[in-house]
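Peer 1: What follows is a structure written as structure tokens; I'll ask about it next.
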């Protein structure tokens, strides 16, 4: 009997059994015959079957002119010739080799040549195939069309999409679909370039498409999801409160291991045969790089193996495509909102294909136990612990085990989609630092999620190593973009902070030994801060005798006069460049090796960095932006009560302690200063449910937005009721201006209106009021007039808290109560926590009441100075007038509050805007488009809210009945 030999799963090799007493290979026995038993023969012969489980792989890449003769034994003797021909075709040589190169399917596993169809709905939009998990609304298609057009053409875009219209899902799918398409285009282009120089690839029918198709199917995995013996065995490696932690997110390059230091370097093939593959253009050093594979030096005979060549090219092209494809940066206001965005990302077919990460501060992601007795902030603790001690430098260990184990958190060990809570939880399980792991993954990510101040504020953006050059920037909930940009360039310096920094630096200078390089910078910074302290002392008389207004005495300068005071103290433009050089070196040392500056805290580093940034805005670019800032000296007086024990009575009494704070405020009036740094992006997309009015975005940001879209709301018109109330119960006109709302009869009318809405509305009601002050006054009045007790009989009453912790407790209780039959009412303020981005679905807000038009407080110093600035430069800088700017800010806040009502297509609810001014078209033109469409002429008196064909009462009764019917059907 002939010994049996079994074909392996790979079509270019076979298995040889090791049988005692027989040659290890028929070729070693000087025979040219290889005998293969048929499946049926092996099945009936256990001995033969046992041999087939042991295999060795023989290399059949020989250039012999003839193959060993192959005989296929079949029990029935059928099809032996056909089987022999098949086997011969599997092992061609010399002139037969070209036949192997006729079809790329020979290189593919047979079980994987047909790719499974992606789940979801495919839509061709703007020449890009977009996959959505559900059938998209018309408004989503309109939005995606604009996003794709904007990215393709490198244009900026404004997107106002109503709440509940699927805005987030549309933004994600359109941007990721374009990114996938771009990867495929770059992959095919690179494959075609290589085909011109590689004979084997040109001969391979469909080979160019196959080699370049990796990005089109999966961003980093094999196109067929399987490995073969020709795949490279190497593993993937990665490529390289406002401003509360500017120095907190530094890149710890000094402690990077060899693998991390090579992240931003392109890998080159070592084989001379493939030197031409590494001659393409390198990545821009300003852009984050992407994961690369380390390719070992191929053996001498490797270039003759076509499959290895294809695998090698596909790996190389994938690496290069990763580097060339723009990264998507997606910013939202808070991590809570990002959690919802990532939840939507998880629904898409791009999840798992596009690598992601989520950036945060140490305050949110540090899992090391924080000892307040040893460290003032988590940033100080982190910088102090992650530096290797002298005894541990050889091993590369630090005083933080989580930092040392940060590589345990990576794209392979994490789920395809994870939010900050997931990252921290898994980090605790693996004892790995979430903060540094997330930053490391950012260099390899295709989409990066982060709070949008990380993208906007220059200090945080630079410290987090975020590079926007030629990348895609999406800012969601961007209705506050102007304020965010102004705040990013505004600074506050207190004299107490400067004195504290002087104390720290004097201690550092005291123990520094002679000749240490950083001592020069410490001495210079210390000298400069002492001059600043003298400056404060000399300016104190300007506010010492001024009367207090809201516990503040304020003196403002014209910018030129303020600059002159700096020159008089050797702090002006002539001294700026030397200070900047020393400040940058000092901050760099504090980031890279804080042990050499032991005792210098995060607060001091932030102060020096903020002074550097402020002076750069004033004196940089030849003072181009000097007039865009308003300086003010402010003396704030507060009273603290301290309990002291009187010993002879053994009792306590409260002692008043008067505390004064002297501070310099440098207020930025021009948000375009900060926004201009974002223009290096390939495309900027500003999206929100309430961008209206758009006029200020063009003038304030000093940027072009040639593309904009504001689609209609997808919710049916019969599920939303929008109306206004213009009269008191006695029929008199009801206006909610700041002066009117202090009058008792207006307060009583507002109480009656709120009471009526609560009687008509099931479950949850939201009521937005212009200020906390007015909210408290209304509550006090209604308690006097018994309206408060009547409200309590109808609903459980909640009031928004200024304190974050109390606010969370209030919201938890409110969400529980609205699900009861009694329901609840929540009083909140415009621009507060409730109105900005919080989700109120279904029963949580069946009605939204707005009182008045929330104009900003014109007595606020920042608002007043901004209005003066706009009046001064209205024509020169094409700005809105002060009155129009004020109106824009009011309606942004109003639109945000109204948007809390309906949150999805199957939701329903009512919006009642209380103010007679809404009957004038001038006061409705800045409402969001969907609100204007639903409002039309639906203006009501107090009586018609109940007694009219389109009354609030009829709407509530109809929708409650429909909801009960729908519930019973389910």
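What follows draws every value from the coordinates through simple rules; no lab data is involved. In this text, all values refer to a predicted model and were calculated from it rather than measured experimentally. Glycine also receives a Cβ, built like all others from the backbone with ideal geometry; neighbour counts cover every protein chain displayed.
Peer 1: With a ≥ b ≥ c the root eigenvalues of the C-alpha gyration tensor of region 749-804, is it rounded (a/c under 1.5), prolate (a/b larger than b/c) or oblate?
Peer 2: Oblate, because a/c is 1.5 or more while a/b does not exceed b/c.
Peer 1: Based on alpha-carbon centroids, what's the gap between region 539-571 and region 446-511 in Å, whole number please?
Peer 2: About 26 Å separates the Cα centre of region 539-571 from the one of region 446-511.
Peer 1: Would you kindly work out the equivalent ellipsoid of region 782-879 from its C-alpha gyration tensor and give its semi-axes, the square roots of five times the eigenvalues, largest first in whole Å? All intermediate terms of the calculation are to be shown ahead of the outcome.
Peer 2: Working: eigenvalues 269, 52, 33 Å².
Gyration-tensor ellipsoid for region 782-879: 37, 16, 13 Å.
Peer 1: Using the alpha carbon gyration tensor of region 493-668, what are the three equivalent-ellipsoid semi-axes (square root of 5 times each eigenvalue), largest first, in whole Å?
Peer 2: Values: eigenvalues 211, 136, 30 Å².
Whole-Å semi-axes of the equivalent ellipsoid: 33, 26, 12.
Peer 1: Looking only at Cα atoms, what is the convex hull volume of region 888-970 per residue, in Å³? Can you show the working numbers first?
Peer 2: On the way: hull volume 8.5 nm³, N = 83.
So the per-residue Cα hull volume is 103 Å³.
Peer 1: While we're on this one: Take 350, 814, 698 and order them by how many other Cβ atoms sit within 10 Å, fewest up front. Before the final figure, lay out each step's value.
Peer 2: Working: 350 24, 814 21, 698 14.
With the sparsest Cβ surroundings first, the list reads 698, 814, 350.
Peer 1: Translational D (Stokes-Einstein, µm²/s) of region 816-922 at 37 °C and 0.692 mPa s when Rh comes from the Kirkwood sum over C-alpha pairs? Let's see the in-between values first.
Peer 2: Values: Rh = 16.0 Å.
The Stokes-Einstein estimate is 205 µm²/s.
Peer 1: Mind giving me the FRET efficiency for residue 740 and residue 962? R0 is 51 Å, r the Cβ-Cβ distance, nearest 0.05 is fine. Write out the running numbers ahead of the final one.
Peer 2: Values: r = 38 Å, r/R0 = 0.75.
Rounded to the nearest 0.05, the efficiency is 0.85.
Peer 1: Here is a follow-up. What ranking do 432, 801, 463 get, fewest neighbouring Cβ atoms within 10 angstrom at the top?
Peer 2: On the way: 432 23, 801 17, 463 20.
Ascending Cβ contact count within 10 Å gives the list 801, 463, 432.
Peer 1: Please compute the Cα-Cα pair-distance distribution of region 717-969 with 5 Å bins starting at 0, giving whole percents from short to long.
Peer 2: Pair shares across the bins are 1, 6, 13, 17, 20, 17, 12, 7, 4, 2, 1, 0, 0.
Peer 1: Assuming a viscosity of 1.306 mPa s and a temperature of 10 °C, what translational diffusion coefficient in µm² per second does Stokes-Einstein assign to region 362-435, Rh being the Kirkwood radius over Cα pairs? Write down the numbers at each step before the final one.
Peer 2: Values: Rh = 13.1 Å.
After rounding, the answer is 121 µm²/s.
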